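See below for the structure under consideration.
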Amino acid sequence: WMFAGLMLSAGVAYLVGTNESLLLTVAQLWLPLLIGQFVLVMVISAAINKLSATAALGLFFLYAATMGLTIGVIVWSVVQTPGGVGAVASAFFSAAAMFGAAAFYGAVTKRELARMGGILFMALIGLIVASVVNLFLNAGPLNLIISIAGVVIFTGLTAYDVQRITRGEYAAFTQSKEKASVLAALHLYLNFINLFLFLLRIF
């Protein structure tokens, strides 16, 4: 499901990048889109046990489609800069390699990563606060630090989430393999997308 979500996002992003009117529309609706995406993630995560597996999957794909809209604008803006195409390609392949390595580690390691998960969650809260502060400061060095921290955090979260998946913790939480697969796909999708976006900022 995660792969399908990424393919949907990539397809929508391509449409945005090749359609000027759609690009302008998405740019104008930027804030409502971001709020809507945040609400969708909260609904899927908080109501997964109340939703049917089909409804949860539908909301996941809706989220992936809206992410494709915003990613399309971001990638288009980067591609317009000198070396932008190379930056996008480097960010994508780097994100894929780091995600794959972290996922493999999480699947095979015998080390308990639950403690690391708590630390990473607190670090994520700090990252969000620092990002909001930097919206007003617009400090270049802080932006780089935030981007590097984001890469570290979401690489760690990938390993943590994969370990939870392989141990059946998602299935135990949702009491349904189908719902567990959707929730796990959402978390892994978020990890990969954030890895890509933070690496894109660095490149």
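The values are calculated or read from the model by the stated rules, or taken from the named source; none is laboratory data. Note that the structure is a prediction, hence the values are computed from the model and not measured. For neighbour counting, all protein chains shown are included, and Cβ atoms are generated from backbone atoms with ideal geometry for every residue, glycine included. Calculation scope for accessible area: heavy atoms of the full protein, side chains included, ligands and nucleic acids excluded. Shrake-Rupley method; radii C 1.70, N 1.55, O 1.52, S 1.80 Å.
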When region 167-183 is checked residue by residue, the ones that are closer than 20 Å to E112 by Cβ and either modelled with pLDDT of 95 or more or touching a Ser or Thr at 6+ places or on another chain (Cβ under 9 Å) (or both) are Y170, A171
If the requirement is being free of Cβ contacts under 8 Å to residues at least 40 places away in the same chain and either among the aliphatic types (A, V, I, L, M) or open to solvent by 10 Å² or more (accessible area, probe 1.4 Å) (or both), which of these qualifies: L144, L135? L135
Residues of region 124-176 that turn out to be more than 15 Å from N194 (Cβ to Cβ) and hydroxyl-bearing (S, T, Y), as a count: 4
Out of the residues in region 75-116 meeting the condition of being open to solvent by 30 Å² or more (accessible area, probe 1.4 Å) and within 14 Å of the chain's Cα centre (by Cα), tell me which one is farthest from L22 (Cα to Cα). M98
Mind listing just one residue for me: the one in region 4-33 that is open to solvent by 70 Å² or more (accessible area, probe 1.4 Å) and either of a type in the set (A, V, I, L, M, F, W, C) or on the phi > 0 side of the Ramachandran plot (or both) and, of those, farthest from the chain's Cα centre (by Cα)? L24
Could you figure out which of (1) of a type outside the set (G, A, S); (2) closer than 25 Å to L200 by Cβ; (3) at pLDDT below 95; (4) open to solvent by less than 40 Å² (accessible area, probe 1.4 Å) isn't true of F38? (4)
In region 47-65, which residues are without any contact (Cβ under 8 Å) to a residue 60 or more places away in the chain and buried (at least 18 other Cβ atoms within 10 Å of the Cβ)? L59
Which one of the conditions (1) of a type outside the set (F, W, Y); (2) open to solvent by 80 Å² or more (accessible area, probe 1.4 Å); (3) over 25 Å from V152 (Cα atoms) does V43 fail to meet, given that it meets all the rest? (2)
Does any residue of region 162-173 turn out to be among the polar types (S, T, N, Q), part of a loop (DSSP other than H, G, I, E, B) and open to solvent by 30 Å² or more (accessible area, probe 1.4 Å)? no
Selection from region 175-190 of residues part of a helix (DSSP H, G or I), more than 18 Å from L69 (Cα to Cα) and not β-branched (V, I, T) yields K177, E178, K179, A180, S181, L183, A184, A185, H187, L188
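Does G106 fit the bill of being in a helix (DSSP H, G or I) and free of Cβ contacts under 8 Å to residues at least 60 places away in the same chain?
On the way: in a helix (DSSP H, G or I): yes; free of Cβ contacts under 8 Å to residues at least 60 places away in the same chain: no.
No; evaluated as a whole, the condition is false for this residue.
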